[in-house]
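Single-structure report; data block below.
The values are calculated or read from the model by the stated rules, or taken from the named source; none is laboratory data. Every value quoted in this text rests on a predicted model; they were computed, and no experiment measured them. Every residue, glycine as well, gets a Cβ built from its backbone with ideal geometry; the counts of neighbours run over all protein chains shown. Areas reflect the complete protein model, heavy atoms only, side chains present, ligands, DNA and RNA absent. Shrake-Rupley method; radii C 1.70, N 1.55, O 1.52, S 1.80 Å.
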Amino acid sequence: MNRKTTAEKAAPRRRMSVEKRRRQIMDVARDLVDSEGFHAVTLDRVAETCGISRTVIYQQFGNLSGLLLAMVDREYRSAAEAFLKAGQREPARGQSRYAAGVAGVLEAVDASPATWRMLLMPSQGGPPELYERLGEAREMTQAHFAAGLKAEGIDGPDLANPDPELAVRMLLAISEQLVHLRLTDPKNYTTERLVAQAEWLFNAMFPH
């Protein structure tokens, strides 16, 4: 029979800080969404997984809707920051900025697949704000691509593709599909394979 030492008995049990507890609660909610969908997230399940009472969640988020909204906003901010950071990535020798950005985004996807699955492959039952954030994300991405084309001087009417607006929309669709493939079948769709295809497609759309 194991007996606790006097020191162990005397050591106070360290409580999780408010901020750490808040992160834990949102992490659990996100993981439940990822594995089972939004409908699986209940205050009872989150509380039980965290080893806390529902009261703690009420104190932090008000109610279930407040928790889901806070979690969605956090994941959206995280993905947006990763996307903007990827866009600033320096291309390798002979690589386009677009392909370099795709490589950066795919690294972010691998680091937090649950976040990107929720944003790009949302399950039913999510808060309305989720779909608002998705619309904002697409607008931000399109604006980023448009600015990138302009900065590279490849948005003029003398190009093989003279329609910058449609070109930007095509880049968005291609980018979303590349991320979708990485999320659904990472073994088959390796980062190297996807980045190579991104480079080929970009050069086909904007030949030098």
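Test each condition in (1) open to solvent by less than 20 Å² (accessible area, probe 1.4 Å); (2) in contact with a helix residue (DSSP H, G or I) (Cβ under 7 Å, 6 or more places away or on another chain); (3) of a type in the set (Phe, Trp, Tyr) for Trp116 and report the one that comes out false.
So the condition that Trp116 fails would be (1).
Restricting attention to segment 42-49, does a residue exist that is surrounded by 18 or more Cβ atoms within 10 Å (Cβ to Cβ) and within 30 Å of Gly148 (Cα to Cα)?
no
Might you let me know whether segment 150-164 holds any residue that is among the basic types (Lys, Arg), at pLDDT below 95 and open to solvent by less than 70 Å² (accessible area, probe 1.4 Å)?
For segment 150-164, residues among the basic types (Lys, Arg), at pLDDT below 95 and open to solvent by less than 70 Å² (accessible area, probe 1.4 Å): absent.
Could you list, in sequence order, the residues of segment 184-200 that are closer than 14 Å to Ala103 by Cα and part of a helix (DSSP H, G or I)?
Once the filter is applied, which keeps residues that are closer than 14 Å to Ala103 by Cα and part of a helix (DSSP H, G or I), segment 184-200 yields Thr191, Glu192, Arg193, Leu194, Val195, Ala196, Gln197, Ala198, Glu199, Trp200.
Considering (1) open to solvent by less than 40 Å² (accessible area, probe 1.4 Å); (2) in contact (Cβ under 8 Å) with a residue 12 or more places away in the chain; (3) at negative phi, say which one Leu69 fails and leave the rest.
(1)
Taking the condition assigned to a loop (DSSP other than H, G, I, E, B) and either touching a residue at least 60 places away in the same chain (Cβ under 8 Å) or out of contact with any helix residue (DSSP H, G or I) (no Cβ under 9 Å at 6 or more places or on another chain) (or both), does Gly135 pass?
It is false that Gly135 is assigned to a loop (DSSP other than H, G, I, E, B) and either touching a residue at least 60 places away in the same chain (Cβ under 8 Å) or out of contact with any helix residue (DSSP H, G or I) (no Cβ under 9 Å at 6 or more places or on another chain) (or both).
From the list Arg89, Arg74, pick out the single residue that is in contact with a helix residue (DSSP H, G or I) (Cβ under 8 Å, 6 or more places away or on another chain), modelled with pLDDT of 95 or more and on the phi < 0 side of the Ramachandran plot.
Only one candidate qualifies: Arg74.
Please work out if Gln177 is under 29 Å from Ala29 (Cα atoms), open to solvent by 60 Å² or more (accessible area, probe 1.4 Å) and modelled with pLDDT under 90.
no
Of the residues Leu84, Leu67, only one is at pLDDT 95 or above and either part of a helix (DSSP H, G or I) or not hydroxyl-bearing (Ser, Thr, Tyr) (or both); which?
From the options Leu84, Leu67, the qualifying one is Leu67.
Can you name every residue in segment 40-61 that is in a loop (DSSP other than H, G, I, E, B) and over 25 Å from Gly135 (Cβ atoms)?
Thr42, Gly51, Ile52, Ser53
Restricting attention to segment 87-97, which residues are assigned to a helix (DSSP H, G or I) and open to solvent by 40 Å² or more (accessible area, probe 1.4 Å)?
Arg97
Which residue pairs have Cβ atoms under 7 Å apart, sit 6 or more places apart or on different chains, and have a first residue in segment 18-46 that is on the phi < 0 side of the Ramachandran plot and a second that is of a type in the set (Ser, Thr, Tyr) and outside any helix (DSSP H, G or I)?
Val33/Ser123; Phe38/Ser123
Conditions: (1) over 19 Å from Glu139 (Cβ atoms); (2) surrounded by fewer than 16 Cβ atoms within 10 Å (Cβ to Cβ). Arg74 meets all but one. Number of the miss?
For Arg74, the failing item is (2).
Being farther than 27 Å from His39 by Cβ and either in contact with a Leu (Cβ under 6 Å, 6 or more places away or on another chain) or of a type outside the set (S, T, N, Q) (or both) narrows it down to one of Ala114, Ala79, Ala92, so name that one.
None of the others qualify; the one that does is Ala92.
Identify all residues within segment 121-132 that are more than 12 Å from Val41 (Cβ to Cβ) and either outside any helix (DSSP H, G or I) or within 8 Å of the chain's Cα centre (by Cα) (or both); write none if there are none.
Hits for segment 121-132 are Met121, Pro122, Gln124.
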